[in-house]
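For reference, the structure is listed below as C-alpha cells.
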Ligand SMILES: [Zn+2]
C-alpha cells in the first residue's frame with residue numbers, strides 16, 4: 001500500500017497507453033459547439049462548461065443504454081471530412097498532452113454517412129486527422145502514436161462490411177475491429193461472420209463484453225468469437241468465487257487469465273453505466289490482484305468528464321496504487337495493443353520502462 005497517493009501532475013508526466021477510447025466520446029466541448037453551429041444542430045447547452053456538465057449528468061444515468069443516448073449529439077458533428085479530420089486531430093493532441101504515448105481510438109464509420117461520405121471517406125479523413133494530431137503533438141513536445149479500431153454497431157447488420165473495411169485499411173493506420181452499442185439483446189455471436197472473416201485474414205479484434213451483461217457475453221466474445229481483448233469485462237466477477245480465502249475461478253475467468261486476454265477497463269465510465277456504485281466497490285483492484293491483464297482507459301472523456309491521468313489518480317487515491325500499479329497497467333496495455341510486436345517492444349523498452357524506472361528512483365530518493 002502506497003501511503004501517499006500519486007498526484008495528477010506526477011501521473012501526467014508518466015507515459016501511458018490507452019486501448020479503449022471512443023472518438024465520438026472525446027470531443028472538446030468548444031469544438032462540438034462550433035461544429036454544431038456550422039451544421040445547424042441544436043445542442044442542449046451552448047457554453048462549453050454547461051455543455052460538459054450536461055454530458056456528464058446525462059451519461060450518469062446508471063445504464064449503458066441511456067449513457068449511449070448522449071452520443072446522438074457528438075455523432076451529429078462527424079458527418080463531413082473536415083469535421084472528422086479536426087476531431088481526430090484534437091483527440092490525438094489532447095491524449096498526448098495528458099502523457100499518452102500510444103492510443104487506439106475507435107469509432108463506427110457507419111454512423112457517419114449522413115452527410116454523404118462513403119465509409120472509405122470517413123476512415124481516410126479520420127486517419128489524416130490522427131496523422132495531423134501526431135504531428136502537432138510532436139511539435140508540442142508530447143509525441144504520441146494514434147491508431148484506429150473500427151467498430152461495427154451491434155444492433156445493426158453491417159459488421160461484416162466494417163470488418164472488411166478494417167482489413168482494407170490495415171497497413172494505413174487501422175489496427176483492429178470491435179463491436180459497439182447496447183450489449184443487452186445483442187450478443188457477440190450475432191456477428192460471428194465478421195469475426196470469422198477477421199480470423200481468416202489474421203486481423204485482431206476486441207469486443208465490448210461484460211459491461212452490462214455478464215459471463216455469457218464474455219464467454220461468447222472470447223471463446224466463441226475469438227476476441228483477443230475484452231472491452232470492460234468487469235462482470236467477469238460473476239465467474240469468480242471470492243467467498244473463501246482462496247479465490248476460485250470459473251472456466252471463463254480461468255481462460256481469460258490464462259490466455260492473458262486484456263481487460264480494457266474504464267472505471268469512471270463503468271460507474272456511470274451501473275457497473276459499480278462507487279470506485280471503492282469497482283472490481284478493478286480485485287481483477288488486478290488476481291493477476292488479470294488489466295488496462296486502464298477513458299472510454300469517453302467527454303461523457304465521463306475524465307482523462308487518463310485522472311483515472312489513475314482516482315485509482316491511486318481509492319486503492320493506494322503507486323508507480324508499480326500504474327506501470328503494470330501501462331505495460332499490460334502496450335503488450336496487449338494491436339501494434340506489430342517490434343513496435344510494441346520498442347515503446348515498452350525505449351519509452352515506458354526507462355521513464356518508470358526514473359520515476360520510481362526519484363520517488364525513493366525523496367523518501
Ligand atoms: Zn467503449
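The values are calculated or read from the model by the stated rules, or taken from the named source; none is laboratory data. Note that the structure is a prediction, hence the values are computed from the model and not measured. FYI the Cβ positions are ideal-geometry reconstructions off the backbone, even for glycines, and counts take in every protein chain you see.
Key figures for this structure:
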read-out: Qualifying residue in the range 114-134 (condition: surrounded by fewer than 24 Cβ atoms within 10 Å (Cβ to Cβ), at pLDDT 95 or above, more than 19 Å from residue 347 (Cβ to Cβ) and within 16 Å of the ligand (Cβ to nearest atom)); value: no
read-out: Complete set of residues in the range 328-341 that are buried (at least 21 other Cβ atoms within 10 Å of the Cβ), touching a residue at least 60 places away in the same chain (Cβ under 8 Å) and touching a helix residue (DSSP H, G or I) at 6+ places or on another chain (Cβ under 8 Å); value: 330, 334, 337
read-out: Odd one out for residue 58 among (1) modelled with pLDDT of 95 or more; (2) surrounded by fewer than 20 Cβ atoms within 10 Å (Cβ to Cβ); (3) part of a helix (DSSP H, G or I); value: (1)
read-out: Output for the range 139-182, where each listed residue is farther than 19 Å from residue 84 by Cβ, in a helix (DSSP H, G or I) and within 16 Å of the ligand (Cβ to nearest atom); value: 159
read-out: Residue in the range 24-40 that is within 16 Å of the ligand (Cβ to nearest atom), under 18 Å from the mean Cα position of the chain (by Cα) and in a helix (DSSP H, G or I) present; value: yes
read-out: Selection count, the range 234-250, where residues are in a strand (DSSP E or B) and within 16 Å of the ligand (Cβ to nearest atom); value: 0
read-out: Some residue of the range 143-158 being surrounded by fewer than 24 Cβ atoms within 10 Å (Cβ to Cβ) and at positive phi; value: no
read-out: Candidates 6, 35, 23, 51 - the one that is touching a strand residue (DSSP E or B) at 6+ places or on another chain (Cβ under 9 Å) and either farther than 29 Å from residue 182 by Cβ or modelled with pLDDT of 95 or more (or both); value: 23
read-out: Condition check for residue 234: under 15 Å from the mean Cα position of the chain (by Cα), buried (at least 24 other Cβ atoms within 10 Å of the Cβ) and over 20 Å from residue 62 (Cα atoms); value: no
read-out: Of residues in the range 195-233 being in a loop (DSSP other than H, G, I, E, B) and within 16 Å of the ligand (Cβ to nearest atom), the one nearest to residue 263 (Cα to Cα); value: 233
read-out: Boolean, residue 300 is closer than 14 Å to residue 20 by Cα, within 16 Å of the ligand (Cβ to nearest atom), surrounded by fewer than 24 Cβ atoms within 10 Å (Cβ to Cβ) and in contact (Cβ under 8 Å) with a residue 40 or more places away in the chain; value: no
read-out: All positions within the range 264-295 that are away from the ligand (no atom under 14 Å from the Cβ), assigned to a loop (DSSP other than H, G, I, E, B) and farther than 22 Å from residue 327 by Cβ; value: 274, 276, 277, 278
read-out: Failed item in (1) within 16 Å of the ligand (Cβ to nearest atom); (2) more than 30 Å from residue 27 (Cβ to Cβ), with residue 261 passing the rest; value: (1)
